[in-house]
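Encoded as structure tokens, the structure appears first; notes follow it.
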Amino acid sequence: MSKQRLPMSVDADRPITAKQRELVDLILSTGKSVQECADTLGRKGSNLYRDLRKPNVKRYLQERTLEHIGILAPYAARTQSELLNAQSESVRASVAENILDRHLGKPVVRSQVALQGQISVVIDLG
């Protein structure tokens with residue numbers, strides 16, 4: 001008799017385990033990679049990656065990430081404010097543009113650059 005998978009919505013509502021909570025909290029508090037967390041926790045990296053793919057763990061990670069960002073937001077705002085007084089005109093302009101863009105609701109534009117071709121470096125010390 002084979003195990004039947006529960007629908008994803010049921011998995012998402014399942015509470016996470018103490019070990020899963022510990023993993024998410026470690027990632028957010030230290031910024032360590034999953035493999036570094038595995039080493040710290042004395043667990044296999046493959047098990048941690050599998051845990052992070054589970055809907056209920058993903059949900060917890062998203063919730064905790066939003067809380068974490070909420071805590072850091074005042075510090076980020078203070079840094080932006082301080083940078084508005086930077087000596088560099090380009091820094092001041094960039095920060096001012098960023099603040100205005102966020103305030104006016106301008107969407108963040110992300111672009112991905114792919115390089116093609118070959119790069120060859122020759123260093124002749126002779």
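Nothing in this text is a laboratory measurement; each read-out follows from the coordinates by a stated rule. Keep in mind that this is a model prediction, so the values were computed, not measured. Here the Cβ is made from the backbone with ideal geometry for all residues, glycine too, and neighbour counts use every protein chain on show.
Okay, here's what the table says:
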{"item": "Cα gyration tensor shape of the chain, rounded if a/c is under 1.5, else prolate or oblate by comparing a/b with b/c", "result": "oblate"}
{"item": "Segment Leu84-Leu100, extension gain: residue separation times 0.36 nm, minus the distance between their alpha carbons", "result": "4.5 nm"}
{"item": "Degrees between helix 55-83 axis and first principal axis of the chain (Cα, 0 to 90, nearest 10)", "result": "20 degrees"}
{"item": "Spatially proximal lysines relative to Lys32 (Cα-Cα < 20 Å; intrachain offsets below 8 disregarded)", "result": "Lys19, Lys44, Lys54, Lys58"}
{"item": "MRE, 222 nm, helices only [DSSP H, n ≥ 4, -39500 (n - 2.57), over the chain, to nearest 500]", "result": "-20000 deg cm²/dmol"}
{"item": "Hz values of 3J(HN,Hα) by residue in region 21-35 - Karplus curve (6.51, -1.76, 1.60), Gly and Pro given as x", "result": "4, 4, 4, 4, 5, 5, 4, 6, 7, 10, x, 6, 6, 4, 5"}
{"item": "Modelled FRET efficiency - R0 41 Å, Val34 with Ala77, Cβ distances, 0.05 increments", "result": "0.85"}
{"item": "Length gained when the stretch Lys44-Thr17 is fully extended (0.36 nm per residue, less Cα-Cα span)", "result": "8.1 nm"}
